[in-house]
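The structure under discussion appears below in the form of structure tokens.
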Amino acid sequence: MTTNDENTQVSVLGLGAMGAALAAALLRAGHPTTVWNRSPGKADDLVAQGARAAATAGDAVRAAPVVIACLLDHASVHEVLDPLTADLAGRTLINVTTTTPAEARELAAWAAEAGIAYLDGGIMAVPNMIGRPGSSILYSGSAEVFERHRPLLDLWGTSTYYGEDAGLASLYDLALLSGMYVMFAGFMHGAAMVAPAGVSARDFAAMAAPWLTAMTGSFAGFAEVIDGGDYTVPGQQSLEFSNPGYLLAASSEQGIGTDAIDMVQRLIQRQIDAGHGKEGFSRIIESIKHPA
Ligand code: NDP
């Protein structure tokens with residue numbers, strides 16, 4: 001059953017940049033919202049927007065049937081919530097703090113033991129995107145909680161549910177972030193490479209954004225080969241062709257470090273050394289799946 005009711009009382013624990021953005025979106029939609037933060041002062045803006053500030057985390061938990069945790073990490077969630085298991089029993093906990101999949105599963109088991117309905121969330125947005133187009137939040141854990149509170153969750157961004165295994169939202173979140181960080185490092189490498197030629201990072205960004213966007217069109221083709229399990233399918237760029245010797249040489253000519261490219265070369269070279277040089281570039285996933 002969906003609770004399509006802006007009267008649902010909600011408490012938000014943690015008013016860092018993200019927790020404050022989540023609470024503000026709830027207030028804009030008219031939810032009676034109680035907020036709590038470990039250090040004082042961070043509730044003031046939200047109180048001006050209509051929130052009620054709780055003096056303690058326990059007061060916040062007892063104020064609402066739905067409790068949102070947006071703290072720093074797994075340890076901080078336990079630090080705040082462990083003393084409150086009796087108060088949380090019978091309530092719903094939606095934890096959007098970033099944790100590893102194993103930590104999310106541990107928290108789900110802890111919640112089940114205490115009689116707390118648990119939904120885990122992975123936020124694919126920065127605070128100023130919350131409630132705006134492009135914001136996406138991944139969920140896993142209790143399907144019942146997801147369905148019941150879907151309208152509330154949709155206030156923050158596009159909500160997608162991945163299953164009862166509470167670790168899945170975190171797994172997908174961190175897998176997507178892995179792609180992002182390596183891409184960011186690649187962009188920084190390119191910017192460092194052109195800098196000695198007098199090119200500003202801003203100008204390079206204008207070149208790199210459309211290029212990298214176009215290159216994401218390759219993902220589907222790589223994925224087809226990977227899922228098919230045959231890296232010899234004709235028409236692919238081979239590992240030998242992809243060997244980034246030119247990139248390393250040009251980087252050295254520019255007097256910059258090669259760590260970002262070295263990483264890619266190591267993944268390629270291990271497959272070439274194993275006799276797969278004529279096979280497709282997507283084969284480097286085997287170097288990642290089976291570390292040396
Ligand atoms: P901030 O560093 O701005 O805030 C951290 C919050 O956690 C503060 O409210 C802080 O309280 C609280 N906190 C930390 N340790 C403890 C503790 N031991 N006990 C009680 N409270 C504690 O981080 P964000 O708000 O940006 O991030 C919050 C969560 O959201 C993180 O898990 C983050 O990974 C995730 N997230 C953030 C994104 C972002 O772009 N900001 C994007 C996606 C996910 P105090 O004020 O007292 O220090």
Legend entry - Which listed residue, of 287, 252, is of a type in the set (Ser, Thr, Tyr) and open to solvent by less than 70 Å² (accessible area, probe 1.4 Å): 287
Inset, instruction - Could you tell me whether residue 208 is surrounded by 14 or more Cβ atoms within 10 Å (Cβ to Cβ), in contact (Cβ under 8 Å) with a residue 40 or more places away in the chain, among the small types (Gly, Ala, Ser) and outside the structural domain of residue 119 (by TED's automatic domain parsing)? - result: no
Inset, instruction - Filter the stretch 62-108 down to the residues that are out of contact with any Lys or Arg (no Cβ under 8 Å at 6 or more places or on another chain) and among the acidic types (Asp, Glu), then identify the one that is farthest from residue 37 (Cα to Cα). - result: 106
Legend entry - Scan of the stretch 114-131 for residues that are under 14 Å from residue 18 (Cα atoms) and either over 16 Å from the mean Cα position of the chain (by Cα) or open to solvent by 10 Å² or more (accessible area, probe 1.4 Å) (or both), ordered by number: 123, 124, 125, 126, 127, 128, 129, 131
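Give the residue, chosen from 13, 72, 84, that is within 9 Å of the ligand (Cβ to nearest atom) and open to solvent by 10 Å² or more (accessible area, probe 1.4 Å).
Only one candidate qualifies: 72.
Given 150, 62, which one is modelled with pLDDT of 95 or more and over 22 Å from the mean Cα position of the chain (by Cα)? Full working, then the answer.
Numbers: 150 fails: over 22 Å from the mean Cα position of the chain (by Cα).
62 is the lone residue from the list that is modelled with pLDDT of 95 or more and over 22 Å from the mean Cα position of the chain (by Cα).
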Legend entry - Identity of the residue in the stretch 19-33, open to solvent by 10 Å² or more (accessible area, probe 1.4 Å) and within 15 Å of the ligand (Cβ to nearest atom), that ends up nearest to residue 55 (Cα to Cα): 20
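Can residue 134 be described as within 14 Å of the ligand (Cβ to nearest atom) and in contact with a helix residue (DSSP H, G or I) (Cβ under 6 Å, 6 or more places away or on another chain)? Give the steps one after another, and end with the answer.
Details: within 14 Å of the ligand (Cβ to nearest atom): yes; in contact with a helix residue (DSSP H, G or I) (Cβ under 6 Å, 6 or more places away or on another chain): no.
So residue 134 fails the test.
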Legend entry - Single condition residue 193 does not satisfy, out of (1) in contact with a strand residue (DSSP E or B) (Cβ under 9 Å, 6 or more places away or on another chain); (2) not assigned by TED's automatic domain parsing to the domain that holds residue 279: (1)
Legend entry - Number of the exception - residue 111 against (1) open to solvent by less than 10 Å² (accessible area, probe 1.4 Å); (2) in a loop (DSSP other than H, G, I, E, B): (2)
Legend entry - Among residues of the stretch 137-174, those that are farther than 21 Å from residue 33 by Cα and part of a helix (DSSP H, G or I), counted: 10
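The values are calculated or read from the model by the stated rules, or taken from the named source; none is laboratory data. Keep in mind that what you see is a predicted model, and the values were worked out from it rather than measured. Cβ atoms come from the backbone with ideal geometry, glycine included; neighbour counts cover every protein chain shown. The area values use the complete protein model at the heavy-atom level, side chains included, leaving out ligands, DNA and RNA. Shrake-Rupley method; radii C 1.70, N 1.55, O 1.52, S 1.80 Å.
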